[in-house]
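*Asks:* Before I ask anything, here is the structure I am working with.
The values are calculated or read from the model by the stated rules, or taken from the named source; none is laboratory data. Treat the numbers as computed from the prediction; the structure is a model and nothing was measured. Counting neighbours? That spans all protein chains shown, and the Cβs are built from the backbone with ideal geometry, glycine included. Keep in mind that these areas ignore ligands, DNA and RNA; they rest on the heavy atoms of the full protein, side chains included. Shrake-Rupley method; radii C 1.70, N 1.55, O 1.52, S 1.80 Å.
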Amino acid sequence: MERRVIFFEDVREGGEVPPFMVERLTRMDLVRYAGASGDFNPIHWNERIAKSVGLPDVIAHGMLTMALAGRFLTEWAGDPAAVTEFGVRFSSPVVVPDDDKGALVEIAGVVTGKLDVNQVAVDITARSGDAKVLTRARAVVRLP
């Protein structure tokens, strides 16, 4: 499948970045991420521990959620090096049930400004269920 290149000239302020939906985050994804990141905090895999500290269930790693938003940006831009600034605040956890469906995470973005040197500012929204899981999610992306 050939990728369409997004050019700075083609982007307009207020324009939407095409929505991206993560298939599902399952408990297996959390185990894989724990192995890759070294973050073995039991709230990411042990329901009893997660509930004992006041969480509704096992939750996804915050940095995994942030990484999904980063992938959304790099896939849109077509180049991982195109993201020159990226920051988020975590507002709600992604609760991952112990079933075969997992948790759906929806990520979308809007271009909020055209900057110098072919860069655009993008505000990102990330939701899981009815909860907004990232706030103040903003990035600067350099386009050809």
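*Asks:* Under a 10 Å cutoff between Cα atoms, tell me which one of Val22, Val11, Val53 has the largest fluctuation in the Gaussian network model of the chain.
*Replies:* Result for the chain, Cα springs under 10 Å: Val53 fluctuates most.
*Asks:* Ignoring ligands and nucleic acids, what accessible area does Trp45 show with a 1.4 Å probe (Å², nearest 10)?
*Replies:* Solvent-accessible area, nearest 10 Å²: 130 Å².
*Asks:* What is the distance, in nm, between label points placed 7 Å from the Cα along the Cα-to-Cβ direction at Lys101 and at Ser37?
*Replies:* Simple spin-label model gives 2.4 nm for this pair.
*Asks:* Ignoring ligands, DNA and RNA, please state the percent of accessible area on the range 84-124 from carbon and sulfur, probe 1.4 Å. Before the final figure, lay out each step's value.
*Replies:* Values: 1020 of 2170 Å².
Carbon and sulfur together cover 47 percent of it.
*Asks:* What dipole magnitude, in Debye to the nearest 20, does the range 10-74 give about its Cα centre under +1 on Lys/Arg Cβ and -1 on Asp/Glu Cβ?
*Replies:* Numbers: 7 positive and 8 negative charges, 59 e Å.
The calculated dipole for the range 10-74 is roughly 280 debye.
*Asks:* Sticking with this structure for a sec: Accessible area per residue, 1.4 Å probe, Å², for the chain: what's the number?
*Replies:* Numbers: 8360 Å² over 144 residues.
Per-residue accessible area for the chain comes out at 58 Å².
*Asks:* For the range 37-80, what number results from the quotient of the Cα radius of gyration and 2.2 N^0.38 Å?
*Replies:* Details: Rg = 14.1 Å, N = 44, 2.2 N^0.38 = 9.3 Å.
The value comes to 1.52.
*Asks:* At Lys132 and Leu55, where each label point lies 7 Å from the Cα along Cα→Cβ, what is the point-to-point distance in nanometres?
*Replies:* With each label point 7 Å from Cα toward Cβ, the separation is 2.3 nm.
*Asks:* Here is a further query. For a quick check, take a GNM of the chain with Cα springs below 10 Å and name the residue from Phe40, Phe72, Phe86 with the largest mean-square fluctuation.
*Replies:* Phe40
*Asks:* In nm, to one decimal, how far is the modelled label at Thr84 from the one at Val110, with both set 7 Å along Cα→Cβ?
*Replies:* About 2.4 nm separates the two model spin labels.
*Asks:* Oh, and also: If the reach is capped at under 20 angstrom between alpha carbons, list the aspartates and glutamates near Lys132, excluding any in the same chain fewer than eight residues apart.
*Replies:* Glu16, Glu23, Asp57, Glu106, Asp123
*Asks:* While we're here: In degrees between 0 and 90, to the nearest 10, how far off the longest principal axis of the chain does helix 27-37 point, with axes built from Cα atoms?
*Replies:* 70
*Asks:* Once amide H atoms are placed 1.01 Å from N in the peptide plane, what residues at a sequence separation of 5 or more from Val96, or on another chain, have their amide H within under 5 Å of its amide H?
*Replies:* Correct list: Val58, Ile59, Ala60.
*Asks:* Given +1 on the Cβ of Lys and Arg, -1 on the Cβ of Asp and Glu, and no further charges, what dipole in debye does the range 1-142 carry about its Cα centre, rounded to the nearest 20? Present the calculation step by step, with values, prior to reporting the outcome.
*Replies:* Working: 17 positive and 20 negative charges, 60 e Å.
It comes to approximately 280 debye.
*Asks:* Right, another one. For the chain, find the longest principal axis of its Cα atoms and tell me its angle to the long axis of helix 62-77, 0 to 90°, nearest 10.
*Replies:* 30
*Asks:* Taking only Cα atoms and a 10 Å spring cutoff, compute GNM fluctuations for the chain and point out the largest among Ile107, Ile124, Ile43.
*Replies:* Residue with maximal mean-square fluctuation among Ile107, Ile124, Ile43: Ile43.
*Asks:* Now, a different point. For the range 1-99, what number results from the quotient of the Cα radius of gyration and 2.2 N^0.38 Å? Could the numbers behind the result be given before it?
*Replies:* Numbers: Rg = 16.6 Å, N = 99, 2.2 N^0.38 = 12.6 Å.
In units of the globular-protein estimate, the range 1-99 measures up at 1.32.
*Asks:* Between the DSSP loop rule and a limit of at most 16 other Cβ atoms within 10 Å, which trypsin sites (Lys or Arg not before Pro) in the range 47-137 are left?
*Replies:* Working: sites: Arg48, Lys51, Arg71, Arg89, Lys101, Lys114, Arg127, Lys132, Arg136; in loops: Lys101.
Those that pass, being in a loop and sparsely packed, are Lys101.
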